[in-house]
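> Can you read through this structure? Questions will come right after.
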Amino acid sequence: MAVNAGDFALVVGIDDYPEYRPLLGAIQDAKEFADWLCDPSTGGGLPAANCKCVFSTPSPIRPYQNDIDDRLDEIINQLGSGRGRRFYFYFSGHGLAESRLASDLCLARWSARRRNLALDSSDYLELMLGLGKFEEVVFFMDCCRVRMVS
């Protein structure tokens, strides 16, 4: 039985970057984090239905931003008019930052030519805080912080 039924998570892992350097462990890291989140004895105790995962695929090249936003919408719809205790966001993949603490999170089709194919982590953080649906919002960004124009 889950310990924290009011906790929700969005977990993203991207290994596949066909126009940049592919990664070899981002999806595995994300899966292990999701497993930990759902473990009632040593982890977060989330019900499996409250943990939404998005993993990259090489063919077709995914995810797109709307794949991630769709999982986020599922969480918000699950809450309905209610509130949750804690929201976890976890991203494992390539990241960019010029000097900010937050990073741009590179989607699978990101490349030096397609720099707009990245999520602004601060926008997602502000969205989740602004919704007022959770008492706590926790972000984990397991990514590099390449210092190039993001």
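> If you average the sequence gap of Cα pairs under 8 Å that are 6 or more apart and divide by the length of the stretch 35-86, what percent do you get for the contact order?
Computed over the stretch 35-86, the figure is 20 percent.
> Starting at the first residue of the stretch 31-42, write each ³J(HN,Hα) from the Karplus equation 6.51 cos²θ - 1.76 cosθ + 1.60 with θ = phi - 60°, in whole Hz, x for Gly and Pro.
5, 5, 5, 4, 4, 4, 4, 8, 6, x, 9, 10
> Identify the trypsin sites (Lys or Arg not before Pro) of the stretch 52-117 meeting these criteria: DSSP loop state and at most 11 other C-beta atoms within 10 Å of the C-beta.
Sparse-neighbourhood loop trypsin sites (Lys or Arg not before Pro): Arg113.
> Additional query: In percent, what relative contact order does the chain have, based on Cα pairs under 8 Å that are 6 or more apart in sequence?
The normalised contact order for the chain reaches 28 percent.
> Using a 10 Å cut-off on Cβ atoms, rank the peptides 54-65, 9-20 from the highest mean neighbour count down.
Most protected by this proxy first, the peptides run 9-20, 54-65.
> Helix-derived [θ] at 222 nm for the chain: sum -39500 (n - 2.57) over DSSP H runs of at least 4, divide by residue count, nearest 500?
Mean residue ellipticity at 222 nm (helix-derived): -8000 deg cm²/dmol.
> Taking H placed 1.01 Å from N in the peptide plane, check which residues at least 5 places from Gly95 or on another chain put their amide H under 5 Å from its amide H.
Cys106, Cys144, Val146
> For the chain, what is the convex hull volume of its Cα atoms per residue in Å³?
Spread over its residues, the Cα hull of the chain gives 107 Å³ apiece.
None of the figures in this text is laboratory data; all of them are computed from the coordinates on show. Computed from a predicted model, the values in this text were never measured in an experiment. For neighbour counting, all protein chains shown are included, and Cβ atoms are generated from backbone atoms with ideal geometry for every residue, glycine included.
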